[in-house]
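S.K.: Quick one: the structure is below, questions incoming.
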Amino acid sequence: MSSRDEILRRVRDALGGDRGTAPPVPRGYARRLTAAEAATRADVLALFTERVAENRATVRHVAADEVGTAVAAALWGREAKQIVVPADLPFGWLAELEGVRALADPPVLDAETLAASDAVVTGCAAAVALTGTVVLDGGRAQGRRALTLVPDYHLCVVHADQIAGTVPEVVARLDPARPLTWISGPSATRDVESVRAPGPHGPRHLEILVVED
């Protein structure tokens, strides 16, 4: 018997007869918000707004027929000249926008074009109220991951029914096989003393429009 065989034998003996059996995964964590955290649907939306602000992002609530006006106002406020958007972004979101060049992807925009753009406008797949997080999965109105990592300003449209209370609730809505990006505020990092500071990767400015359908 070689040394390798001896080592493997000892490993098998140590594992015993139950080797290969998946251990149970503890599921005792909270799956939903408590009544104290959010008793009503309005409380869930209010909690999301509060946590987004704590993450140093900007959040505004708009009606469904105000999305185009709100998007235009946000981009004009930042004096954007060129933006990038997923090719399947709803037309109405940019219907009021004038004086700003909007480039659709695909066809795939190169890194130089993304870096030269002032902003990106997307939707999202879901959002978490408890953490103030938006989740992208590359689906409708979201585009590929590079779109939301290179431009300095990300304007994200979130419909109220996309907001769930907790991370487990949102995970249950998502397809784990898709490329998931979880965004909790602008790009940030923490130093050795856990002091939050602007991060070197991703947009430094995040603004969220909550659409109350």
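S.K.: Which of the residues that make up the range 1-56 are touching a residue at least 40 places away in the same chain (Cβ under 8 Å) and assigned to a loop (DSSP other than H, G, I, E, B)?
M.R.: Matches in the range 1-56: Tyr29, Ala30, Arg31, Arg32, Leu33, Glu37, Ala38, Asn55, Arg56.
S.K.: Are any residues in the range 142-180 closer than 18 Å to Thr49 by Cβ and of a type outside the set (A, V, I, L, M), and if so, which ones?
M.R.: Correct list: His154, Cys156, His159, Asp161, Gln162, Gly165, Thr166, Glu169.
S.K.: To continue, here is another question. Go through (1) touching a Pro at 6+ places or on another chain (Cβ under 7 Å); (2) surrounded by fewer than 20 Cβ atoms within 10 Å (Cβ to Cβ); (3) of a type outside the set (Phe, Trp, Tyr); (4) assigned to a helix (DSSP H, G or I) and name the single condition Gly138 misses.
M.R.: Result: Gly138 fails condition (4) only.
S.K.: Going through the range 7-27 one residue at a time, which ones are more than 29 Å from Val135 (Cα to Cα), loosely packed, with under 10 Cβ neighbours inside 10 Å and not aliphatic (A, V, I, L, M)?
M.R.: Hits for the range 7-27 are Asp13, Gly16, Gly17, Asp18, Gly20, Thr21, Pro23.
S.K.: In addition: Whether any residue in the range 84-98 is over 19 Å from the mean Cα position of the chain (by Cα), on the phi > 0 side of the Ramachandran plot and open to solvent by 40 Å² or more (accessible area, probe 1.4 Å) is what I want to check.
M.R.: Among the residues of the range 84-98, not one is over 19 Å from the mean Cα position of the chain (by Cα), on the phi > 0 side of the Ramachandran plot and open to solvent by 40 Å² or more (accessible area, probe 1.4 Å), which makes the answer no.
S.K.: For Ser187, state whether it is open to solvent by 60 Å² or more (accessible area, probe 1.4 Å), more than 26 Å from Gly68 (Cβ to Cβ) and small (Gly, Ala, Ser).
M.R.: No; evaluated as a whole, the condition is false for this residue.
S.K.: When you check Arg178 against the structure, is it within 22 Å of Val67 (Cβ to Cβ), outside any strand (DSSP E or B) and not polar (S, T, N, Q), yes or no?
M.R.: No; evaluated as a whole, the condition is false for this residue.
S.K.: A further question follows. Going by what's in this entry, would Thr113 be described as touching a residue at least 24 places away in the same chain (Cβ under 8 Å), under 14 Å from the mean Cα position of the chain (by Cα) and farther than 21 Å from Val67 by Cα?
M.R.: Numbers: touching a residue at least 24 places away in the same chain (Cβ under 8 Å): yes; under 14 Å from the mean Cα position of the chain (by Cα): no; farther than 21 Å from Val67 by Cα: yes.
Here the answer is no, as Thr113 does not meet what is asked.
S.K.: Just to verify a result, which residue in the range 123-135, among those that are outside any loop (DSSP other than H, G, I, E, B) and aliphatic (A, V, I, L, M), is farthest from Asn55 (Cα to Cα)?
M.R.: Once the filter is applied, the top-ranked residue is Ala126.
Conditions tested, residue by residue: (1) of a type in the set (D, E, K, R); (2) modelled with pLDDT of 95 or more; (3) open to solvent by 60 Å² or more (accessible area, probe 1.4 Å).
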site	(1), (2), (3)
Tyr29	no, no, yes
Ala42	no, yes, yes
Thr49	no, yes, no
Val59	no, yes, no
Ala70	no, yes, no
Ala74	no, yes, no
Lys81	yes, yes, yes
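S.K.: Please specify each residue of the range 141-184 satisfying the condition of being among the small types (Gly, Ala, Ser), under 23 Å from Ala115 (Cβ atoms) and surrounded by fewer than 22 Cβ atoms within 10 Å (Cβ to Cβ).
M.R.: Scanning the range 141-184 gives Ala141, Ala146.
The values are calculated or read from the model by the stated rules, or taken from the named source; none is laboratory data. Everything numeric in this text was worked out from a predicted model, so none of it was measured. Cβ atoms come from the backbone with ideal geometry, glycine included; neighbour counts cover every protein chain shown. The accessibility values were calculated without ligands, DNA or RNA, using every heavy atom of the protein model including side chains. Shrake-Rupley method; radii C 1.70, N 1.55, O 1.52, S 1.80 Å.
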